[in-house]
Every structure is written in C-alpha cells, then in structure tokens.
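Each reported figure results from applying straightforward, stated rules to the coordinates on display, with no laboratory input. Just so you know, these numbers come straight off a predicted model, no measurement behind them. Every residue, glycine as well, gets a Cβ built from its backbone with ideal geometry; the counts of neighbours run over all protein chains shown.
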Amino acid sequence: MVLADLGRRINAAMTDLTRSNVVDEKALDSMVKEICMALLESDVNVKLVSTLRANIKKKINLKDQAPGVNRRRIVQKTVFDELCALVDCQPENGDAPVFKPKKGRSNVIMFVGLQGSGKTTSCTKLALWYQRRGFKVGLVCADTFRAGAFDQLKQNATKAKVPYYGSYTETDPVAVAAAGVARFKSEKFDIIIVDTSGRHRQEQELFAEMVQISQAVKPDQTIMVLDASIGQAAESQSKAFKESSDFGAIILTKMDGHAKGGGAISAVAATRTPIVFVGTGEHIHDLEPFTPTQFISKLLGMGDIRGLVDHVKHMNLDQKETMKHIEQGIFTIRDLRDQMSNIMKMGPLSKMAGMIPGMSQLMGEVGEEESGKRLKRMMYIMDSMTEKELDSDGKVFVSEPTRLTRVAKGSGTTVREVEEVLSQQRTMARMVKQVGGKKPPRPKMKRLRA
C-alpha cells in the first residue's frame, strides 16, 4: 500500500522524538512539522492538517508536566488519538447509525458511484464477505447502460460462488432491479446487493434513474463507492451523491495503489459519512472493514490483532487452539508458528504483514520477495524447536541460553535470527494480552478484627 510511505514518515518523526535526549518544545515542534508535511503530501486537506497541529499543541503542554512524567508516551498517545480523529467517519449525534444486516429477513443494499470506481467488483467482494459470515447473499445487476456490465458481474459472482440475477434483453434497469430483488426475497435470501450504473453528478437523467431504482427496491442501505485516487475531490463528489441518493455509507476502493488515499479518507470524514469498508487490492478477498483505530494502527506499523483474528477466523482454518489461547490472553511460540504458516496461505504477504506488529516495517525495509524469504527462515527456526519450547512463552530460552545455539544450528540460521523470532513472539503476546486476556480481580482483604 502506498499509504505505507505515509506511515513510515510519521513513524520516523515519532521515533526521532523518542530517541532525543530531551523532549522539549523544539523537539515537539520538529516532530509535528514533519507529520504535517507528510499528511499534506498525501493530499490531506490543509485545514484538517492545521486543526490536527493545533490540537496536538493544545493537548501537549510540556511546561506544565510534572517531574517524572513519561513525556514520550504522552506525545505518542496524543498523536495517535489525533490521527484517529482525522479519519473518524462516525455519524454525528442525531444521524442514523450504520446499518447492520440481520439474518432471517431480506436486507437490500444498493450500490451507487462514479464510472470506473470499482463498483461492480466491490459488490462481489461485499457479497463474499457476508457469505463467509453465514449470510445467504444474492447479486442483482441493474446496470443496463454499460456494455458488458452483466458479463462482468456474472463472471465475478461465478468465481465467488454467489447467486446472481440479470438480463441480456431487458433494457429498463428499474424493471431488472425490481425483478431480481423480488426473486431473491421469495427465495429467503438474507442479503440482496443491487449494482447500478456508474454516473457523474452532471448526468441528470442517470441520477433520476438512480432515484427510480431506489424507489422500486426500497434499499435498507445505499452504499456509495469512491475511488481513493481522486483524493480531496471525494468530498465534493460524496456531497453531490448525498443530495440525490441519500446514501448511508461509503466504500473506498484502490487504497493499495494511490498516495492520495489519506486525502480521500480525511475528505470523506469531513462530511461525517461513515466509511464501512476499504478495497485494498484486486483480489476478491481484498476488502477490509474500516475502523479509525485499526487503520491508524496498521498505518503506523503497530499491527491489527483484531483484524488478523477476524480474518483467520473466516478462512476455515483449524485455529481452535490458537483462538482459545488468544481469548485467554496467551500467545505461545507454537501460536506464532501457526499464524505464520496461515499467513503464507492467505494471499499477498504485504497485506497480511500490516496486521502483525513490526512486520510492516520489515516489508518496507527489504521488500516483499526478501520478506517472504525471511518469513520462511522464521518458520525453519520454529520447526527446529522442541515441543516444550514451542508450547512456552519463550522464557525457557532466557533461563537456558544454550537452547538458542542449538536451534540456530538446527535451522541453519544465526543466534540473532532466533532472538528476533522470540522478540516477535513477545510483541505479539503483549498485543494479545491487551485484546483477549484480562487480569482477574484482586481478592479483597478481609478486615482483621482485634
């Protein structure tokens, strides 16, 4: 993802601050300046960047900090919180909450958007996403304007094994949409996704047609698909569609190939329209739910354990033992090995690496091919460990350092590489403890009576 360059620049600025001997106003100003420059170069609106800068300066008052306070931690948390606020797209108080489909009833979702934004592909991605979560999903092609639209949806749906409906002879999109929705409703489908023609705000006839389709199928949710490459223009386009279709959510596509993705997200966030998913690649599985905290965590290389767990959960992999451990806040070396093995099965390494703390920096330093080789070497190291070592939290290597040498020799690697694997396991274990494990409440001391 090109946005990874933005993440590396922000990370570098924060690292420079944490490594400086003194965290003072000068060091803080330098860090904030570098972060703002990185955001502006990613096409984030000047006003939004200015607000972020002012908020950081307002919340971090180094002069009033008490002696002994960890200034570095305060700065890191404040920057993280403000970056999350920058891309937070949750509806304001009084607005309708984001729609969530329910099983046992027909939920109609209508897609609208500009031509070439990736709307038809996103329809199939969303259908597959819901299907893998137990929903019965059907696709309806109401795009009779673009040549080959039905063929494209038919091909995508067949690949994803999702039922579809369309017509080669009927030219009225309203009639096709109504017939398709009626058919899937009669067959008790949980989710019916209606794909419509791409249109621009200047095309009044197509906009009127979109309104007619909406009146015919009465969608529970209307989703607008936006191309992330348009950057700040996403704000004006989303407002234009909002006036006509009154959509309730947005899917941003092509987030994997454009540096303007940050600008598109922040622009849409300014309209207070929630982004529900982001498209991160051309593969049919490259659709991720969007939440500000998880997005910023991945951007800054902090990983996304929740996203990784959810992704693995719906890959139909045998992960019962690992999931049980994660719920308990435990993460052994064996769990790390199992997750690494699954990562190699789950598509491009660049996508999955962003979910693992520290792995995105590794990808940025050496590239995908070299990262794949390193990942295999990590597997060799863990395959050279005993059952006792795999089921441990790694402390056994601290108490018995000779184990490091033995594993290194057995795997054809170095002691340093073995230590890096153990460091990776400790990082993951800390994250898992925050996500799943909770410390039991301390027993209350009974008052002793004299």
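Here are some notes:
- The length gained by stretching the chain between ARG132 and SER20 to full extension, at 0.36 nm per residue less their Cα-Cα distance, is 35.5 nm.
- The string of couplings for the stretch 171-176 from the Karplus curve (6.51, -1.76, 1.60, θ = phi - 60°) is 9, 8, x, 5, 5, 5 Hz, one whole number per residue in order, with x for Gly and Pro.
- Working from label points 7 Å from Cα in the Cα-to-Cβ sense, the ASN61 to VAL211 distance is 5.2 nm.
- Inter-label distance, ASN70 to LYS324: 3.4 nm, where each label sits 7 Å from its Cα along the C-beta direction.
- Distance violations [Cα-Cα > 28 Å] among LYS102/LYS125; LYS298/LYS388; LYS33/LYS77; LYS59/LYS100; LYS102/LYS433: LYS298/LYS388; LYS59/LYS100; LYS102/LYS433
- A simple spin-label model places pseudo-atoms 7 Å from Cα toward Cβ; at ALA175 and LYS188 they are separated by 3.1 nm.
- Note on ALA147 and THR51: with the Förster distance fixed at 45 Å, the Cβ-Cβ geometry gives a FRET efficiency of about 0.50.
- Computed FRET value (nearest 0.05) for LEU40 with GLU370, which takes r as the C-beta separation and R₀ as 30 Å: 0.45
- The calculated FRET efficiency for ASP393 paired with THR293, based on their beta-carbon distance and R0 = 35 Å, is about 0.85.
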